[in-house]
Each structure stands twice: as C-alpha cells, then as structure tokens.
Amino acid sequence: MRTPAQIAGHPIHPMLVTIPIGLWVFSLAADLIGPRTANPETWQAAALYTMVGGIIGALAAALPGLVDLLSLRDAAIKRTALKHMGINLTVVALYAINAWMRSEASISPTAALGLSVVAIALLLVSGWLGGKMVYEAGVAVHAEDTAASTDAWTPARGRAASRSPAGGGMPRERAMASDSERPSRGGSETRGE
C-alpha cells in the first residue's frame with residue numbers, strides 16, 4: 001500500500017504531521033505554564049507563535065495527506081481517511097480562530113485555553129484514525145518490504161524479507177492506486193545472508 005506522496009520510499013505526510021502536533025502541544029503547555037510564572041506575557045506570546053507555526057505545518061502536511069487520500073481504493077479505508085481529514089481541518093480552524101482572537105486580544109485566557117484543549121482532544125481522535133489506517137489497514141506501508149513479525153530482518157538493506165500472507169506477513173492487498181504501478185521489491189533474503 002505505497003503512497004504516491006513519498007521521498008525515497010518514505011511517506012511525506014507522517015513526516016510532516018509531527019511539526020504541527022509538537023507545536024500545538026507546546027502551545028497548550030505554554031498556556032498551562034504561563035499563569036504560574038512571573039512573566040505570563042512571554043508564555044502567552046510563545047503559545048501564540050507556536051500555534052501559528054502549527055497551523056502552517058498542518059497545511060503543509062495536508063497536501064501530501066490529500067494526495068494519499070485521493071489514491072486510496074478501498075471504500076472503508078477512504079471513509080476513515082475522510083473522517084481523519086475532516087477532524088484535522090476542524091482542528092486547524094479552531095487554532096486559526098484561537099490565534100486570530102489572541103492576536104486581537106478579544107478572548108480571555110481561559111477561553112483560549114479551552115479552545116486549545118478541545119483542539120488537542122480532536123487531534124488525539126484524528127491521530128487514532130491515522131494510526132488505524134496505518135496499523136490496521138497498512139496504508140502507506142510497503143508490505144513487500146516489511147513483515148508483521150520481527151523475523152526475516154535483513155541488516156544489509158534494513159528491510160524485512162518479503163512474506164506471503166500464508167507465511168504470517170502482512171497481506172499483499174493494494175489499498176492505494178499507485179501500488180499496482182510499482183514493481184515489488186520482494187526478495188528471498190533472510191537474516192545473515
């Protein structure tokens with residue numbers, strides 16, 4: 001289930017989502033720490049700037065995510081991906097509103113904190129859906145290169161040897177449109193060869 005949005009075989013979307021997640025979690029931490037310090041304005045500014053950085057990072061991560069979504073074939077996986085995208089867009093909208101209201105000083109610190117908590121809670125749900133697509137459906141996982149178990153790891157190439165579903169590996173169904181366009185990298189390599 002390869003993704004068409006990749007660099008050297010690595011999916012771009014999961015690489016980029018760490019940016020907004022980290023920035024938004026830090027923004028929430030700054031909101032929680034700020035009122036307990038001698039200089040809460042510094043923490044409020046840090047919360048605002050990391051929030052804006054998270055919005056920019058999320059929009060950057062959304063582009064390869066959309067490419068991946070458009071390449072999905074399986075209807076059930078696509079429904080999950082649409083929920084994932086919808087929740088992510090809601091989170092971005094909440095943070096955009098939160099950042100704008102903070103910059104205009106038209107929101108109380110308690111209300112701003114409440115918006116951030118709701119956004120982080122939604123982000124957790126979205127992350128769970130993203131994990132479900134990867135770990136349960138194998139979206140953007142190179143099934144030909146990896147196995148569900150830890151055996152057959154090849155240190156020379158850093159990949160697991162190709163396994164068939166009967167052998168306990170991941171199924172070779174193709175959930176993404178680009179899968180059929182790429183040749184299999186499967187081999188018969190085993191540990192120590």
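What follows draws every value from the coordinates through simple rules; no lab data is involved. Here the structure is a predicted model, which means the values were calculated and not measured. Cβ: placed from backbone, ideal geometry, glycine included. Neighbour counts: every protein chain shown.
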* **Counting all C-alpha pairs of segment 39-100, share separated by more than 17 Å (%)** => 49 percent
* Asked: Is segment 76-134 best put as rounded, prolate or oblate by its Cα gyration tensor, with a ≥ b ≥ c the root eigenvalues, rounded for a/c under 1.5, and otherwise prolate when a/b is larger than b/c, oblate when not?
  -> prolate
* Cα convex hull of segment 1-42: how many Å³ per residue? -> 75 Å³
* To do: Starting from the Cα of A8, step 7 Å along the direction of its Cβ; do the same at A29; then give the gap between the two resulting points in nm.
  => 2.8 nm
* Figure the gain on full extension for A96 and W128 (residue separation times 0.36 nm, minus the Cα-Cα span) and round it to one decimal in nm. => 9.3 nm
* Over segment 1-120, relative contact order from alpha-carbon pairs under 8 Å, at least 6 apart, % -> 29 percent
* Taking amide hydrogens as modeled 1.01 Å from N in the peptide plane, which residues meet the under 5 Å criterion relative to L72, leaving out close sequence neighbours? -> A177
